[in-house]
Amino acid sequence: MAERRYSISQASRLVGVENHVLRYWEDELHLEIPRDRKNQRYYTKLHIEMFQKINELKEKGYQLKAIEPVLKRMLAGEQELDLNEVLRQNAAEILRQTSTGAAQLEPETVYRYAAETGQDMYE
């Protein structure tokens, strides 16, 4: 039996965002969304779950840059993914880049990290 396919309108309703938000996330996160013979995007249950997770993390205040490693691991098939640990590791990497001058952190990122981990990012 063929896997259920959802149009972008159906997917956006299921995720709770506008169509253009899904397209933006696809571009920013370099996601390869399949297309049908008419060159229309279609989404599967996995895509819907992935976008729901992105939306959940965005609502918690995470930026796409922090979400990307979580998605890569989800897409690699990791079942028991500790989101907090992955996000913490990513924050540590961003800090390393910041200390070398390669990246800048927004103040709210520093505060959110401290609140969620109980650690000072600059210790």
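Remark: the D36-L14 segment gains 5.9 nm on full extension, using 0.36 nm per residue and subtracting the alpha carbon distance.
For region 1-30, the set of trypsin sites (Lys or Arg not before Pro) satisfying both a DSSP loop assignment and a count of at most 12 other C-beta atoms within 10 Å is given as R4. Computed over the Cα atoms of region 1-62, pair by distinct pair, the Kirkwood hydrodynamic radius stands at 12.0 angstrom. Relative to the current alpha-carbon distance between R4 and E26, full extension at 0.36 nm per residue lengthens the span by 5.9 nm. Take each peptide in 51-60, 31-40, count the other Cβ atoms within 10 Å of every residue, and average; sorted highest first, the result is 51-60, 31-40.
Taken together, the values in this text are just the output of simple stated rules run on the coordinates, not laboratory data. Note that the structure is predicted; figures quoted are calculated from it, not measured. Virtual Cβ from ideal backbone geometry, glycine too; neighbours counted across all protein chains shown.
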